[in-house]
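One structure is given here, and the rest of the page talks about it.
The values are calculated or read from the model by the stated rules, or taken from the named source; none is laboratory data. Here the structure is a predicted model, which means the values were calculated and not measured. In this analysis, Cβ positions are derived from the backbone assuming ideal geometry, glycine residues included, and neighbour counts consider all displayed protein chains.
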Amino acid sequence: MLETEYIVKRVKSLPDESLMEVANFIEFLEVKRTRLVEKEEKKGKGDLFAKAIGICEGPSDLAEGHDKYAYG
């Protein structure tokens, strides 16, 4: 028996009072899945910037002394 069929069979065997709890758990799983997908998407965006690190040349203190180099 497929897992989906098994789960449907088990849900149908539950008393009506338990159905709201099952619905809440399904909603929890959906939210969890959405958050994981969003986290993975954000992680992928960070990789774009990581690829740019080190491609420019400049003074070794550019990060600390950027005002000096920009404004003199």
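For the reader, a short list of remarks on this structure follows.
- Single residue of segment 42-68 satisfying the filter (part of a helix (DSSP H, G or I) and modelled with pLDDT of 80 or more) that is nearest to the chain's Cα centre (by Cα): H66
- Test: L36 is surrounded by 10 or more Cβ atoms within 10 Å (Cβ to Cβ), in contact with a helix residue (DSSP H, G or I) (Cβ under 7 Å, 6 or more places away or on another chain) and free of Cβ contacts under 8 Å to residues at least 60 places away in the same chain: no
- Tally of residues being polar (S, T, N, Q) and exposed (fewer than 10 other Cβ atoms within 10 Å of the Cβ) across segment 1-23: 2
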